[in-house]
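**Q** Here you go, one structure.
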Amino acid sequence: MAELVLIAEDDLEIAGILEAYFTREGFRTVHARDGHVALELHRSLKPDIVLADITMPRLDGWELLAEIQRRGRTPVIMITALDEDVDRLQGLRIGADDYIVKPFNPIEVVARAKAVLRRAGLSQEGPMIRTGALSIDLDSYQAKIEKDGKTIPLSLTLTEFRLLAHLARTPTKVFSRSELVDACLPGSDALDRTIDSHLSKLRKKLDQAGGEGLLASIRGVGYRLAVDR
């Protein structure tokens, strides 16, 4: 079963954005608008990780973190608009696993949550994605094709790597251009033709490395990886 993320955040817009991005990456989510509700959900649902805003009503993020730490060892990432070193040090000193300052890129929040889960030994994904002849190391940002006893590394740009990793997480699923923009180029003004350009270059690199036909375009729909898992 996919990991469950408890998002303790009183700002509904921010909570909605985080829920959308975590859901897109295959997580389950649950939302609490204040610290007291977050504690109840933590007790009843036993989430795999908690994202806690510091300035919440009824019970603030520090109190929530302290109580979660008393209960056991659920990873907690603190999210706040406060960018003072004393706040960061306080959170880490009493057991926070990471600290993210608003405004933030939701893609980065998801990536850092995955890293925390891996360090805690709770991630189902792990740092590697393997599908067919393709291997992707999410920690080192390296990808390679293994075929006929040979290993051929792929020299990819960051955007190409993000696109390939996103497609590889659910191979054979067709992603629309807009989905790929949202997942791999968040906050940009990228157009469909921009994604087409990135994927055209990615396909050439895959083909040259022995992955002919690995990246498929579905006319009028989008793109997918054509692999046997």
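**Q** Taking residue 196, is it more than 26 Å from residue 21 (Cα to Cα) and not hydroxyl-bearing (Ser, Thr, Tyr)?
**A** On the way: more than 26 Å from residue 21 (Cα to Cα): no; not hydroxyl-bearing (Ser, Thr, Tyr): yes.
Criteria not met by residue 196.
**Q** Could you tell me which numbered condition residue 182 fails, if it satisfies all but one of (1) more than 17 Å from the chain's Cα centre (by Cα); (2) under 18 Å from residue 27 (Cα atoms)?
**A** Only one criterion in (1) more than 17 Å from the chain's Cα centre (by Cα); (2) under 18 Å from residue 27 (Cα atoms) is unmet by residue 182, namely (1).
**Q** Considering only the range 96-175, give the strands (runs of 3 or more DSSP E) lying wholly within it that have at least 3 residues that are not aliphatic (A, V, I, L, M).
**A** The qualifying strands (runs of 3 or more DSSP E) are 142-147, 150-154.
Yes/no matrix, rows are residues, columns are (1) open to solvent by 10 Å² or more (accessible area, probe 1.4 Å); (2) not polar (S, T, N, Q):
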{"site": "3", "(1), (2)": "yes, yes"}
{"site": "10", "(1), (2)": "yes, yes"}
{"site": "22", "(1), (2)": "no, yes"}
{"site": "29", "(1), (2)": "yes, no"}
{"site": "35", "(1), (2)": "no, yes"}
{"site": "49", "(1), (2)": "no, yes"}
{"site": "56", "(1), (2)": "yes, yes"}
{"site": "62", "(1), (2)": "yes, yes"}
{"site": "72", "(1), (2)": "yes, yes"}
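**Q** Looking at the range 208-220, which of its residues are surrounded by 14 or more Cβ atoms within 10 Å (Cβ to Cβ) and of a type outside the set (Gly, Ala, Ser)? Step through it out loud before you land on a result.
**A** Residues of the range 208-220 that are surrounded by 14 or more Cβ atoms within 10 Å (Cβ to Cβ), as a first pass: 209-211, 214-217.
Matches in the range 208-220: 214, 215.
The values are calculated or read from the model by the stated rules, or taken from the named source; none is laboratory data. Small disclaimer: the values here were computed from a predicted structure and weren't measured. Note: ideal-geometry Cβ built from the backbone for every residue, glycine included; neighbour counts use all protein chains shown. Remember, those area values only see protein heavy atoms, side chains included, never the ligands or the DNA or RNA. Shrake-Rupley method; radii C 1.70, N 1.55, O 1.52, S 1.80 Å.
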